[in-house]
Amino acid sequence: MANEGKDSMPLLTVERLTKDFHIDHLQREIGVFRDLSFTLDKGQFLLVTGVNGAGKSSLLRCLYRTYMPSSGYAWYTSQHGHIDLAHAADVDIALLRREEIGFVTQFLRPRPRVSALELVMEPLLDAGWDWEEAQLHAETWLDTLNLKRDVWQGYPSTFSGGEQQKVNLARALIAERRLLLLDEPTASLDRIARAALVERLASAKQHGVAMIGVFHHPEDVQHLIDGEISLTSVVLNGAVEHVD
Amino acid sequence: MTVISSRPSVPLDAPRLQATPPLLRAEGLTKRYGTRMAMHDVSLEVYPGEVVGVVGESGSGKSTLLRLLNLEEMPDVGVYTLDIDGIRERDLFALPRFDRRGVQIKHIGIVYQNPHLGLRMKFTSSGNVAERLLIAGERSFATLRAAARDSLAASEFPLDRMDDPPRVLSGGMQQRVQLAKALAMKPALLLLDEPTTGLDVSIQATVLDTLKRLQRERDMTIVLVSHDLGVIRTLADRVLVMRGGRVVERGLTDQILDDPQHPYTQQLVHAKL
């Protein structure tokens, strides 16, 4: 049943996960990765490696269900029970996104007329926090990531790429999560922000947060890595081609 | 750490995580106008606090769906329930007309794309908002006025204009009066039919902002019809894609917009500028 033995099970068990895109106007399947299997325990950090197009980001998106996996399973041990992320109902995935699974990218999607500070506060407000408490917490995060105070009330659509990235990271990491999917979060950060982010990830790991990440500079997180998912091949027209 | 590990067996009968029942459940909705099939076998569930978007081109059945959910029209076939004390077990389409109107007034709010459908253009704005409470039985002028003021304020309508009739207001302000009217009875369900279509882009942004804030503060359950995928991405948690009166795809908003499965949804998403 749902909660039996959940502590002894891995947090995530991925079995033969496969992703193809079917593009209707091209009338073809574009393979991304095939038959991927691995496990992840609480507090573990897996690095995803591979060349461009090997499917690193697609793997993270499949686990977050932004992409629909084509086949295979991704069993996740939630606080609510055991569930296959590849086949779970949309409402259950929405629940897990609100409470347990975070997706961290470098790209912000600014909303018109919403300040940087409020964008960062939003996940906490959605979770029912008081405005003042959420604001305090958001300010701490923006400070940590070294975003200049005088732009906090500004609209991020006018920010530089690096500033937008800081807002996005703070927004993605502000609420506590059990599993973080990290898609090149350090890619174009300045040195201070990069160090601060890695320190926060290390602290999250210590507190039992599991992470799967794609990193532009893997050396930044070398000391955190417990294992590697190597996507060394790309699938072209259904045939696997090894690229290394 | 083992990567590419053995494959432990996992239970195949894992139960659903979401324990809360849906607020709205509609099953098998079918509607014909003469010989034209406007809607065929459409079902949906909306959970408390969720925003479900409905997208599709003109004539896809989006607005018909909203009219059915607002109990303005009856389907030829279909069952519709709301998980609210007193009416929980009842098919709302099977209620007598008077009771149905009662459910509509008390539990459902709607904002139409065309303010002329939702407002009396020559009444005062505050009068428009208070009308629903009046129909629901409230007779104290002071209470009606206070409720209208609260509701208009929540919709971020400028209160110094609350006694102006909607016909002298801008499109954006008319939508705020509609929103205030829809919220006046604190309904369980809010229906939005293209709420920002036809507004200037800057006004659109402020109306969207108000909707987002209200949704968060009141944990409102919303069905949102829009052909604007930007509006859908901003507000909706899940999306139904309709074509020719049928649901061709449904999913989480980012999944529908970033990895559409159905050929029609791919067309729709790729047609966005």
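Please give the charge dipole size of chain A, origin at the Cα centre, charges +1 on K and R Cβ atoms and -1 on D and E Cβ atoms. Round to the nearest 20 debye. Result for chain A is approximately 380 debye, rounded to the nearest 20. The gain in end-to-end length when the residue B:32 to residue B:146 segment is fully stretched comes to 36.8 nm, 0.36 nm per residue minus the alpha carbon separation. Helix A:191-206 and the long axis of chain A differ in direction by around 60°, with both axes built from C-alpha atoms. For the cross-link pairs B:31/B:106; B:31/B:181; A:148/A:205; A:19/A:205; A:166/B:186, the ones whose C-alpha atoms lie over 31 Å apart are A:166/B:186.
Between the helical axis of B:141-154 and the longest alpha-carbon principal axis of chain B there is an angle of about 40 degrees. Using only the alpha-carbon atoms, how far is helix B:171-183 inclined from the longest principal axis of chain B? Give it as 0 to 90 degrees, nearest 10. The angle comes out near 80 degrees. Mean-square fluctuations from a GNM of chain A, with a 10 angstrom spring cutoff on Cα atoms, peak among A:52, A:168, A:146 at A:52. The dipole here belongs to segment A:1-129: it is taken about the Cα centre, uses +1 on the Cβ of Lys and Arg and -1 on the Cβ of Asp and Glu, and is about 460 debye. Taking the inverse of the mean reciprocal distance over all distinct Cα pairs, the Kirkwood hydrodynamic radius of segment A:91-144 comes to 12.4 Å. Label positions at residue B:138 and residue A:79, each projected 7 Å from the Cα along the C-beta direction, are separated by 3.8 nm. For residue B:272, a cut-off of 17 angstrom between C-alpha atoms picks up these aspartates and glutamates, skipping any fewer than 8 places away in its own chain: A:24, B:57, B:194, B:228, B:254, B:258, B:259.
Each of B:220, B:196, B:155 was scored by the projection of its Cα onto the charge dipole of segment B:151-230, and the greatest displacement toward the positive side belongs to B:220; charges sit on the C-beta of Lys, Arg, Asp and Glu.
The shape of segment B:138-199 can be summarised by an equivalent ellipsoid whose semi-axes, obtained from the alpha carbon gyration tensor, come to 20, 16, 8 Å from longest to shortest.
Within the listed set B:32, B:132, B:67, the residue fluctuating most in the Gaussian network model of chain B (springs between alpha-carbon atoms under 10 angstrom) is B:32.
Chain A: D in µm²/s via Stokes-Einstein (Kirkwood Rh, Cα pairs, 37 °C, 0.692 mPa s)? Value of D from the Cα-based Kirkwood radius: 173 µm²/s.
Between residue A:24 and residue B:74, the distance separating the two model label sites (each 7 Å from Cα on the Cα→Cβ line) works out to 3.6 nm. For the pair residue A:203 and residue A:132 in one chain, pulling the backbone fully straight at 0.36 nm per residue adds 23.1 nm over the alpha carbon distance.
Dividing the helix sum by the residues of chain A, where each DSSP H run of 4 or more adds -39500 (n - 2.57), gives a mean residue ellipticity at 222 nm of -9500 deg cm²/dmol. Only one residue of A:161, A:127, B:55 has its Cα farthest out toward the positive end of the dipole of the protein assembly as shown, where Lys and Arg carry +1 and Asp and Glu -1 on Cβ, and that residue is B:55.
Neighbouring Cβ atoms from other chains, within 10 Å of the Cβ of residues in A:72-84, number 3 on average.
Averaging Cα coordinates gives a centre for segment B:209-248 and one for segment B:69-84; these two points are 19 Å apart. Think of segment B:186-273 as having a plus end and a minus end, set by charges on the Cβ of Lys, Arg, Asp and Glu; of B:206, B:244, B:230, B:244 sits farthest toward the positive end of this dipole.
Taking a ≥ b ≥ c as the square roots of the eigenvalues of the alpha-carbon gyration tensor, the protein assembly as shown is classed prolate because a/c is 1.5 or more and a/b outweighs b/c. About its Cα centre, the dipole of chain B is roughly 580 debye, where the only charges are +1 on Lys and Arg Cβ and -1 on Asp and Glu Cβ.
Could you calculate the FRET efficiency of residue B:159 with residue B:213 from 1/(1 + (r/R0)^6), where r is the beta carbon distance between them and R0 is 22 Å, rounded to 0.05? My answer for the efficiency is 0.80. Structural descriptor for chain A: relative contact order 29 percent, calculated from alpha carbon pairs under 8 angstrom and at least 6 residues apart.
Shown here for segment A:60-139: trypsin sites (Lys or Arg not before Pro) in loop regions (DSSP other than H, G, I, E, B) with at most 10 other Cβ atoms within 10 Å, of which there are none. For the peptide B:248-261, the mean number of other protein chain Cβ atoms found within 10 angstrom of a residue's Cβ is 4. Taking amide H as placed 1.01 Å from N in the peptide plane, residue B:245 has its amide H under 5 Å from the amide H of B:61, each at least 5 places away in sequence or on another chain.
Given the DSSP H assignment, sum -39500 (n - 2.57) over each helix run of at least 4 residues in chain B and divide by its residue total; what's the result at 222 nm in deg cm²/dmol, nearest 500? Computed mean residue ellipticity for chain B: -11000 deg cm²/dmol.
Taken together, the values in this text are just the output of simple stated rules run on the coordinates, not laboratory data. Treat the numbers as computed from the prediction; the structure is a model and nothing was measured. So basically every Cβ, Gly included, is an ideal-geometry build from the backbone, and we count neighbours across all protein chains shown.
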